[in-house]
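Only the coordinates and a few stated rules stand behind these numbers; no lab work does. Worth saying up front: this structure is predicted, and the values here are computed from it rather than measured. Positions of Cβ are generated from backbone atoms using ideal geometry, with glycine treated the same way; all protein chains shown enter the neighbour counts.
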Amino acid sequence: MAQEFLNTNDSIDPENRVAQWLCEYKETQNEATKHHLRELIVLTYMPLVKKVARSLARRSTDPIEDITQVGALGLIKAVDLFKPEISSNFRTYATYLITGEIRHYLRDKSTIIRAPREIKELSYRVHKITLELTEKLGTTPSDKELAQALQMSEKKIEEVYELDRRTTAISIDQILGNEENGNSTLSDRLVDESQKDLITGFENRMILHDAIKKLDYEEQQLIILNYFEGLNQREISQKLNMSQMQVSRKLKKALDKLFNIITKKGLHKYER
């Protein structure tokens, strides 16, 4: 039925059509209507799911059908969590969650290894540029586009993705979950139980990337050196020419500030 509806409305711009469905989806309390609208949106964006799945399947031995199904789960979560009143770019939001869901699935199925610092740094650069190009292009960039932007070979991009797929990714919980909150992680504090698994992988990087940009330059340095480059506080103090006590105090302040930005409690105070 949903497919027949799509076929009879081919003259309508898909993006505008989905935007209207998303608004209706958020407003209606009728479960049958919500189910129908979700099915329409998912059918419309399944080509996007397949495109992302194919791009990631090149680096995996898993069947494309399995990866596509996992990506569809990310799309469904995007439908449920998207807020039309905050953003109008559903395609970009859906791409983040589809990609994140697939990467999370691939990491879970792979052997966890500890990547060398050089690869960790390169992985951060690749994902940072991926986010920027995704925002600019409105779609996930190809390996060729990434290679051109980073001035490296496509083969090196492939190596980074392969290692990243088998490596425990840097997450918000790793950065902020070990503060003075016992066993409570940032995921516990940001979302309810049903949405906790969304704070993973690619979406982490999206959230972190946007939040870190709002920190002062020195605070950005501290976060990147400690959590992305793996330097301890003694090494950071030598690199930035400050005492270890200063590093500890400033790093704690930067983490508190980052948490406030991510949770939007202090966003207005820190906007630059």
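Which of the residue pairs LYS26/LYS214; LYS128/LYS214; LYS77/LYS253; LYS83/LYS250 have a Cα-Cα distance greater than 24 Å in the structure shown? Correct reply: LYS26/LYS214; LYS77/LYS253; LYS83/LYS250.
Between GLN246 and GLU158, the contour length at 0.36 nm per residue exceeds the alpha carbon distance by 27.7 nm.
Taking the fewest neighbouring Cβ atoms within 10 Å as the starting point, the ordered list for ASP80, ASP13 is ASP13, ASP80. Within the shell defined by Cβ-Cβ distances under 13 Å, the residues around GLN246 carry a net charge of +4, with Lys and Arg each +1 and Asp and Glu each -1.
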